[in-house]
Amino acid sequence: MASFIDLIATGGAGFFAGLATGYAVKKALKILLFLVGSYLAVTLYLYHLGVVEIHWDRMSKLLEEVLGKVQQMMGFYQSMATAIPLGGFLAGFLIGLKIG
């Protein structure tokens, strides 16, 4: 009986930690994407007015570097997710992302 209660307590704690983390991550991403979008909109408006000049070749090179780093990070996280049992945390995280 004690092992069943320990199992519920452990899974519940992981679930609620995942829920809080997922909720916070989604809110932070919304703020970050709003700021990046606003910055890009202002930059493109200033480009349209002729105030700033955008070097598109440098921009594409930078974007390729960023995407390469994101792919490396995703590979790292995928390897971690298969190595560590995350049942309750992952379920809570996905629900937190959904409601965030």
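The values are calculated or read from the model by the stated rules, or taken from the named source; none is laboratory data. What you see is a predicted model; the values in this text were computed from it and never measured. Cβ atoms come from the backbone with ideal geometry, glycine included; neighbour counts cover every protein chain shown.
Assorted remarks:
- Test for Val25: is it more than 22 Å from Ala13 (Cβ to Cβ) and at pLDDT 85 or above: no
- Qualifying positions in the stretch 55-89 - at pLDDT 75 or above and outside any helix (DSSP H, G or I): His55
- All of Val51, Val42 fail the test of being at pLDDT 90 or above, exposed (fewer than 10 other Cβ atoms within 10 Å of the Cβ) and β-branched (Val, Ile, Thr), apart from Val51.
- For the stretch 23-39, residues that are exposed (fewer than 12 other Cβ atoms within 10 Å of the Cβ) and of a type outside the set (Phe, Trp, Tyr) total 9.
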